[in-house]
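Participant: One structure, as structure tokens, below. Some questions next.
The values are calculated or read from the model by the stated rules, or taken from the named source; none is laboratory data. Note that the structure is a prediction, hence the values are computed from the model and not measured. With ideal geometry, Cβ positions are generated from the backbone for all residues, glycine too; neighbour counts draw on all protein chains shown.
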Amino acid sequence: GEDVEQSLFLSVREGDSSVINCTYTDSSSTYLYWYKQEPGAGLQLLTYIFSNMDMKQDQRLTVLLNKKDKHLSLRIADTQTGDSAIYFCAENPGTGFQKLVFGTGTRLLVSP
Amino acid sequence: KAGVTQTPRYLIKTRGQQVTLSCSPISGHRSVSWYQQTPGQGLQFLFEYFSETQRNKGNFPGRFSGRQFSNSRSEMNVSTLELGDSALYLCASSPGTGRLNTEAFFGQGTRLTVV
């Protein structure tokens, strides 16, 4: 079955790095995503990684994928107060259709 | 290029009523998916429409339905509303086929409150 888990809360200081972790269960997942949700807003696609990759870097964001352990992480370098939001990990079970399975979300709080 | 547009942004309805929500995808995108977000259940997939056909469906009762028009705009309908239907309803737009179908872009959502 499909299940995605995340820790609920992370607190960091401005300028530090943040690492948000996610584990998933569906080994057929072809794409894994990170979305950001600010209060009262929809979901913003941050980045995604194809399952045959180990790492993807996009400016301050680094995604690491350990396919053997089904573990995904998002590292945000030089975290800013504007990065405070809820971050969702999601998997696409690989059916070829847009059916994303989301984690519970990690609330990131960045303090000055 | 305009993003995904959902209307209305907020709705208040009474138990037993029905409601229709609208989603206009990004120009050129042919797939629209709908999700329900609640504090208790998180984000859950409702259904996906592509070229006016439902292509995939989540585990929701038949009170939840949708459709897609020839211009790719989609509507979802919830009949006989229950208090538990109170949620943020999000729609996602994607190309529907091809290499870029890996990306799904979300609208701002419609906040439905059932009283």
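Participant: Quick one: how many residues across segment B:1-28 are more than 9 Å from every other protein chain (Cβ to nearest Cβ), of a type in the set (Val, Ile, Thr) and either assigned to a loop (DSSP other than H, G, I, E, B) or without any contact (Cβ under 8 Å) to a residue 60 or more places away in the chain (or both)?
Facilitator: Residues in segment B:1-28 being more than 9 Å from every other protein chain (Cβ to nearest Cβ), of a type in the set (Val, Ile, Thr) and either assigned to a loop (DSSP other than H, G, I, E, B) or without any contact (Cβ under 8 Å) to a residue 60 or more places away in the chain (or both): 3 in total.
Participant: May I ask you to list pairs of residues, at least six apart or on different chains, whose Cβ atoms are under 6 Å apart, with the first in segment B:42-58 being within 7 Å of chain A (Cβ to nearest Cβ) and the second being of a type in the set (Phe, Trp, Tyr) and assigned to a strand (DSSP E or B)?
Facilitator: Short answer, once both residue conditions are applied: B:Leu43/A:Phe102; B:Leu43/B:Tyr35; B:Phe45/B:Tyr35.
Participant: Here is a follow-up. Scan segment A:78-90 and tell me whether some residue there is within 12 Å of another protein chain (Cβ to nearest Cβ), farther than 13 Å from A:Thr23 by Cα and not acidic (Asp, Glu).
Facilitator: Checking segment A:78-90: at least one residue is within 12 Å of another protein chain (Cβ to nearest Cβ), farther than 13 Å from A:Thr23 by Cα and not acidic (Asp, Glu).
Participant: Let me ask something else about it. Can you tell me which of (1) over 28 Å from A:Arg107 (Cβ atoms); (2) under 10 Å from the mean Cα position of the chain (by Cα); (3) of a type outside the set (A, V, I, L, M, F, W, C) is the one B:Gly62 doesn't meet?
Facilitator: Status for B:Gly62: all satisfied but (2).
Participant: Might you check whether a residue that is modelled with pLDDT of 95 or more, more than 22 Å from B:Gln44 (Cβ to Cβ) and in a loop (DSSP other than H, G, I, E, B) occurs anywhere in segment A:44-57?
Facilitator: no
Participant: Output yes when any residue across segment A:4-20 is acidic (Asp, Glu), part of a strand (DSSP E or B) and either more than 14 Å from chain B (Cβ to nearest Cβ) or in contact (Cβ under 8 Å) with a residue 40 or more places away in the chain (or both), and no when none is.
Facilitator: Yes - at least one qualifying residue is present in segment A:4-20.
Participant: For segment A:31-43, enumerate the residues that are in contact with a strand residue (DSSP E or B) (Cβ under 6 Å, 6 or more places away or on another chain) and either more than 11 Å from chain B (Cβ to nearest Cβ) or more than 22 Å from A:Ser111 (Cβ to Cβ) (or both).
Facilitator: A:Tyr31, A:Leu32, A:Tyr33, A:Trp34, A:Tyr35, A:Gly42, A:Leu43
Participant: Filter the strands (runs of 3 or more DSSP E) completely within segment B:29-115 down to those with at least 2 residues that are surrounded by 13 or more Cβ atoms within 10 Å (Cβ to Cβ) and modelled with pLDDT of 95 or more.
Facilitator: By residue number, B:31-38, B:42-50, B:64-68, B:74-78, B:87-94, B:110-114.
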